[in-house]
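Worksheet: one structure, shown below.
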Amino acid sequence: MNAHSTKTEELLKTANTQQQFLAKFFKQYHAALMIYEESQTRRKNVSKPLPFHIIVNGLAGSGKSYVMSIIEQMFTDFCISESAVRNRPRRRKGLLKMAHTGKAALNILGWTLHSALGMVMYYYLSYSKLSHAINI
């Protein structure tokens with residue numbers, strides 16, 4: 001993933017120091033993935049990197065959605081370059097974006113935590129039943 005797309009370059013130009021740090025970390029992760037992929041074709045013993053998980057927290061207006069757009073664009077670039085190396089298109093990016101609130105989920109074009117994880121609220125429980133259920 002040496003060559004960034006024009007969109008990625010534009011996003012990184014306006015990123016703050018912390019966002020650039022995260023982008024650099026993400027780029028190193030992708031480099032490790034490519035080394036692993038290349039080792040599979042050459043039968044070298046390289047351990048597979050763990051899946052990339054990240055939690056982005058911050059105050060309102062701190063750039064959480066912006067950093068998510070940078071990561072998503074870098075991930076798209078990686079999938080395009082990986083598909084070119086493997087001569088087969090990657091249909092899904094394997095990127096799950098979740099947020100605490102519905103508004104935040106809409107901002108990143110993602111899911112709320114509850115909907116993504118299949119968590120269902122049971123509205124029929126009253127407060128008294130709920131307090132007995134958790135032994136308060």
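Among the residues of the stretch 38-52, is there at least one that is touching a Lys or Arg at 6+ places or on another chain (Cβ under 6 Å), open to solvent by less than 90 Å² (accessible area, probe 1.4 Å) and modelled with pLDDT under 85?
Within the stretch 38-52, none of the residues are touching a Lys or Arg at 6+ places or on another chain (Cβ under 6 Å), open to solvent by less than 90 Å² (accessible area, probe 1.4 Å) and modelled with pLDDT under 85.
The residues of the stretch 32-64 that are assigned to a helix (DSSP H, G or I) and within 30 Å of A105 (Cβ to Cβ), listed by number, are A32, L33, K64.
Within the stretch 54-62, identify whether any single residue is closer than 23 Å to Q20 by Cβ and modelled with pLDDT under 70, and answer yes or no.
no
The values are calculated or read from the model by the stated rules, or taken from the named source; none is laboratory data. None of these values were measured; they are calculated from a predicted model. Every residue, glycine among them, receives a Cβ derived from its backbone with ideal geometry; neighbour counts consider all protein chains shown. With ligands, DNA and RNA removed, areas are computed over all heavy atoms of the protein, side chains included. Shrake-Rupley method; radii C 1.70, N 1.55, O 1.52, S 1.80 Å.
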